[in-house]
Amino acid sequence: MAPLRTWYLKVLLCVTAFLSLIVLWCQLSQLPGTVEGVWSWVFPMSTSREKGIDFSSLFTHDLDEPLCQTGQVLLVLVTSHPEHHEPRKAIRKTWAVPDNGAAHPWQVIFLIGQTSDVEQDWRIHSEQNIHGDILMGNYLDTYHNLTLKVMHGIKWATDKCRPQYILKTDDDCFVNTNLIPVFLGKYNMVKTGLYVGSSFSQDKRLVIRDPSSKWYVSQQEYDLDVYPPYASGIGYILSLDVARLVLRMATAVPIVPMEDAYVGILAKKAGITLLSSSRFAKHNIKWSICNYRYLMVIHRLSPKDQAVAQGNVQRARTACMGNRVVTLWS
């Protein structure tokens, strides 16, 4: 009976330990950022908070990288969550439809991180096999890791594609690909040193210290109380030389979990001045048809809104032919 009693005791201890781990996990899941820390045991954070970004560890062989033609006028990098299949689908049917005969070639790539959901992971692999437009990074896909996602995308773009310009945007934004590549190739006079987007006033650049906020940044992560001028993450354009300078700064500047503010910090370190432009709209309002001959990026669009916006672009081609073409960033 003694061996049997010992066996029962071992089983009881194992079950107790397992249940304790479940309880601990449930408790941790209620704390902001804690689950991300637990999952970082499985998915490396790929960076040192004190020393900057280790770019070599951002790349993964879990998913084949997209193909790109080197030297294009524009490469659009779209941050997207693994679950956002519908927004990506809508974008592929609207403003990301390739224009193979374009005089100013461009391409759209979606940036996605790792997921702990096996079914989602399978869907991402299937999506990539069909479309070939997803770049996956070696980090868990969380809001806190958005900076890693963007830095990974810019690093890949500068190393593999070397476009003249890079536009970073989000999957809830409309990008006027009918306008931007032509504007950059034909009218833009700022060929180098270009960092342009919608800026914020100083009171909108205060560092948020409230731990319950989505945009919380601790004193250890960034010790100043105000961010330097930066372009909203809804969309900003970097010339290739600026992208390379930003990446160089990122290897030595501690990461900040506010992607757009971090780019502004890096730009300031590199001596790059932000060019503010009203052609990047932070809000989606009832724009007139002719506004679509001016606006480059519009924020807060649903998948259905993407089709409406793309239709407005096509209508503006003929309905607003008499309007003056704006050839400046302002």
>> With a 1.4 Å probe and all protein chains left in place, how much of the accessible area of the stretch 66-112 comes from carbon and sulfur atoms, in whole percent?
In response: 50
>> Checking the table Lys168/Lys191; Lys155/Lys269; Lys168/Lys304 against a 26 Å threshold on Cα-Cα, which pairs fail?
In response: none
>> If I model a spin label as a point 7 Å beyond the Cα along the Cα-Cβ vector, how far apart are those points for Asp121 and Lys89 in nm?
In response: 2.4
> Quick one: Cα convex hull volume of the stretch 241-330, Å³ per residue?
Replying inline: 129
> Counting only the heavy atoms of the protein chains, how much of Glu86 is accessible to a 1.4 Å probe, in Å² to the nearest 10?
Replying inline: 110
>> If I model a spin label as a point 7 Å beyond the Cα along the Cα-Cβ vector, how far apart are those points for Gln220 and Asn100 in nm?
In response: 5.4
> Which percent of the accessible heavy-atom area of the stretch 142-268 goes to carbon and sulfur, probe 1.4 angstrom?
Replying inline: 54
> Quick one: in the stretch 279-330, what % of C-alpha pairs are over 17 Å apart?
Replying inline: 34
> Looking at the square roots a ≥ b ≥ c of the eigenvalues of the Cα gyration tensor of the stretch 167-292, which shape do they give, rounded for a/c under 1.5, prolate if a/b is larger than b/c, or oblate?
Replying inline: oblate
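The values are calculated or read from the model by the stated rules, or taken from the named source; none is laboratory data. All values reported here derive from a predicted model rather than from experimental measurement. Neighbour counts run over all protein chains shown; Cβ positions are idealised from the backbone, glycine included. Only protein heavy atoms, including side chains, enter the accessible area calculation; ligands, DNA and RNA are left aside. Shrake-Rupley method; radii C 1.70, N 1.55, O 1.52, S 1.80 Å.
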